[in-house]
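Asker: One structure follows; several queries about it will come next.
The values are calculated or read from the model by the stated rules, or taken from the named source; none is laboratory data. It should be emphasised that the depicted structure is a prediction, and the values quoted were computed from it without experimental measurement. Ideal geometry is used to build each Cβ from the backbone, glycine not excepted, and the neighbour counts take in all protein chains shown. For accessibility, only protein heavy atoms count, side chains too; no ligands or nucleic acids. Shrake-Rupley method; radii C 1.70, N 1.55, O 1.52, S 1.80 Å.
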Amino acid sequence: MLKDKAKIVIIGGGFGGLFTALDLNGVGDTTLINDEDHFLFRPMLYEYLSGEVEAWHIAPDCKELLDSSARFIRGSVTNIDLVNQKITVADRNEPLAFDILVFSPGAVTNFAGVEGAEKFSLEFRTLNDANRLRRRMTEVLDQIQPDSAPQDTHSALTFAVVGGGASGVELSTKMADLLRDAVKRRALRGEPRVLIIEMADRLVPGMGEEIRKFVENALQEYRIEVHTQTRVVQVTAGSITLEHNHNRTELRASGVVWVAGVRPSPLIESLDVERDRRGLIAVEPTLQVRGYPNVFALGDAAFYSDVVPTLAGTAQLALQQAHLCARNVRAFIEGGQLKSKHFVELGEALSLGTEHAAVLSAGQVMSGPLARQARFALYTARLPTWHHRLRVGASWFFEGTRPRPLQPLGF
Ligand SMILES: Cc1cc2nc3c(=O)[nH]c(=O)nc-3n(C[C@H](O)[C@H](O)[C@H](O)COP(=O)(O)OP(=O)(O)OC[C@H]3O[C@@H](n4cnc5c(N)ncnc54)[C@H](O)[C@@H]3O)c2cc1C
């Protein structure tokens, strides 16, 4: 049994780390370290891009959320010494000691070594990424002359989304909706061109047939160009080169957004722990890191064997693991028995443009504007803390969730 005020250090203020800290609710002497000052509810980053939600709705301040239940340090962890139980945080002189470590630093974009991808593509993981993409779309629109020929508008407004998973579908439909709306408002001639590039032979490969039908309809409605069995071989400042059936084609692109997969946080590489073939930390069913019973890992950084592939790498999983993690940390401190859990899929909810969504819950699929409302309601319930949920719910109910058009810069 550990002393009552065991030093618990949590790395990462996302779904895994923040919800563990909230669930611990003052147990031990808890410190949460995160390299941003806010938590981010990533499933609604698309709505932030379109202006349907504001930053404070989906990215509340960590300090405010934690209140008095844990100390918060904004900083980047640069080193972890598991043997001597010390953490180094950039720009802090003294390392931080821990009795128990909870490790949940998430993942980073995987550019898979494609030439020019890291340098020239836009990522889509943070508020800043969404701001950059919105700005890029606006800048391109601003350069189109009112008398431009339709084909010139089409060419200038070409954006490629790399990755045909749920992220690619949600992002491309949002972008197409925003761009089409802006073209109309500015009375331009022509249409935007939004492409999805996917290596597999179909989009959203992990999703059930029930929801796929709605995805396909939406892609058609938004006139998204779908390129399956296609590999990106190069990205430059103004183009993307695709390979399909051994043929290469270079296309002009005003923006390439890379949502084609993730790799584990680089922080893991320095740890002398057992990993799976993708580099994820292998954890016991109790979420303890093998060989280090006082270290827990979860979320996108951990490999948990009893999980269906479609649940791996999701917020749904990290959230469920956080509850188990907090429970087991408490048991570890008290000398109690640690538990395991079988995690379940909680359903799927995809935004499709700014007006529609598709929601799969308890085997039933709902689509259209009603599904969009259901998605908002569902996600309100998953936001951290009752206080934040109530504030956000009230704001969405009374102030609405209309998208914010792509106004000319400086407007
Ligand atoms: C655009 C987008 C949409 C998504 N939509 C969905 C969805 O609809 N449904 C779903 O289930 N999942 C979704 N996901 C996946 C989901 O967001 C992740 O699976 C989930 O966030 C994982 O939780 P985590 O705690 O492991 O990592 P995160 O939530 O990413 O949190 C990790 C935190 O650690 C911080 N950090 C990293 N390194 C350091 C360091 N060295 N020092 C200090 N802090 C550090 C990060 O900045 C971050 O705040 C989406 C992901 C993205 C990018």
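Asker: How many angstrom lie between the C-alpha centres of segment 22-100 and segment 337-394?
Answerer: Going from one Cα centre to the other spans 23 Å.
Asker: At 25 °C and 0.890 mPa s, grab the translational diffusion coefficient of segment 234-356 from Stokes-Einstein with a Kirkwood Rh over Cα pairs, rounded to a whole number in µm² per second. Please list the in-between numbers first.
Answerer: Numbers: Rh = 17.5 Å.
After rounding, the answer is 140 µm²/s.
Asker: Sort 303-311, 161-169 by packing, meaning the average of other beta carbons within 10 Å per residue, with the highest value first.
Answerer: Final packing ranking: 161-169, 303-311.
Asker: Which cross-chain or sequence-distant (5 or more) residues have an amide H under 5 Å from the amide H of F303, H modelled 1.01 Å from N in plane?
Answerer: Residues meeting the amide H criterion: I281, A282, V283.
Asker: Can you tell me the accessible area per residue over segment 1-152, all protein chains present, probe 1.4 angstrom, in square angstrom?
Answerer: Details: 6870 Å² over 152 residues.
Ligands and nucleic acids excluded, the figure is 45 Å² per residue.
Asker: Using +1 at the C-beta of Lys and Arg and -1 at the C-beta of Asp and Glu, which of V226, G164, A187 has the Cα lying farthest in the positive direction of the dipole of the chain?
Answerer: A187
Asker: If you place +1 on the Cβ of every Lys and Arg and -1 on the Cβ of every Asp and Glu, how big does the dipole about the Cα centre of segment 40-81 come out, in debye to the nearest 20?
Answerer: Values: 4 positive and 7 negative charges, 39 e Å.
Dipole about the Cα centre, nearest 20: 180 debye.
Asker: Rule-of-thumb check for the chain: C-alpha Rg over 2.2 N^0.38 Å?
Answerer: The reported ratio for this selection is 1.03.
Asker: Carbon and sulfur together cover what percent of the accessible area of the chain at a 1.4 Å probe radius?
Answerer: 49 percent
Asker: Find the Cα radius of gyration of segment 1-159, compare it with 2.2 N^0.38 Å by division, and give the number to two decimals.
Answerer: Against the empirical 2.2 N^0.38 Å value, I get 1.38 for segment 1-159.
Asker: A further question follows. If you place +1 on the Cβ of every Lys and Arg, -1 on the Cβ of every Asp and Glu, and leave all else neutral, what size is the dipole of the chain about its Cα centre, to the nearest 20 Debye?
Answerer: Around 340 debye, computed over the chain.
Asker: Out of all DSSP beta bridges in segment 129-272, what portion is antiparallel? Express it as a percent rounded to 5. Write down the numbers at each step before the final one.
Answerer: Working: 11 of 23 bridges.
That works out to approximately 50 percent antiparallel.
Asker: Over 16 Å apart: what share of the alpha carbon pairs of segment 45-136 falls there, rounded to a whole percent?
Answerer: In whole percent, the share of Cα-Cα pairs in segment 45-136 beyond 16 Å is 71.
Asker: Relative to the longest principal axis of the chain, what angle (0 to 90°, nearest 10) does the C-alpha long axis of helix 369-382 take?
Answerer: Between the helix axis and the principal axis of the chain, the angle is about 20 degrees.
Asker: Arrange the residues K339, K174 by how much accessible surface each exposes, largest first, with a 1.4 angstrom probe.
Answerer: The ranking, largest first, comes out as K339, K174.
Asker: For helix 386-399, report the angle its Cα long axis makes with the longest principal axis of the Cα atoms of the chain; keep it between 0 and 90° and round to the nearest 10°.
Answerer: The angle comes out near 20 degrees.
Asker: Collect residues whose amide H, placed 1.01 Å from N in the peptide plane, falls under 5 Å from the amide H of T158; neighbours closer than 5 in sequence don't count.
Answerer: Under 5 Å from the amide H of T158 lie the amide H atoms of R193, S254, each far enough along the sequence or on another chain.
Asker: Would you count, across the chain, every pair of lysines whose alpha carbons are under 30 angstrom apart, provided the pair is eight or more residues apart or spans two chains?
Answerer: Total qualifying Lys-Lys pairs in the chain comes to 21.
Asker: Give me the angle, in degrees from 0 to 90, between the Cα long axis of helix 166-185 and the longest principal axis of the Cα atoms of the chain, rounded to the nearest 10.
Answerer: Rounded to the nearest ten degrees, it is 40.
Asker: Here is a further query. Mind grabbing the accessible area of K63 for me, 1.4 Å probe, Å², rounded to tens?
Answerer: Its accessible surface works out to 130 Å², give or take rounding.
Asker: Taking amide H atoms as placed 1.01 Å from N in the peptide plane, list the residues 5 or more away in sequence, or in a different chain, whose amide H sits under 5 Å from that of T30.
Answerer: I8, R71
Asker: Once the dipole of segment 7-141 is set up with Lys and Arg at +1 and Asp and Glu at -1 on Cβ about the Cα centre, which of F120, I33, T78 lies farthest towards its positive end?
Answerer: In segment 7-141, that residue is F120.
Asker: Sort 137-150, 275-288 by packing, meaning the average of other beta carbons within 10 Å per residue, with the highest value first.
Answerer: 275-288, 137-150
Asker: Shape of segment 360-399 from its Cα gyration tensor (a ≥ b ≥ c, root eigenvalues): rounded if a/c is under 1.5, otherwise prolate when a/b > b/c, or oblate?
Answerer: oblate
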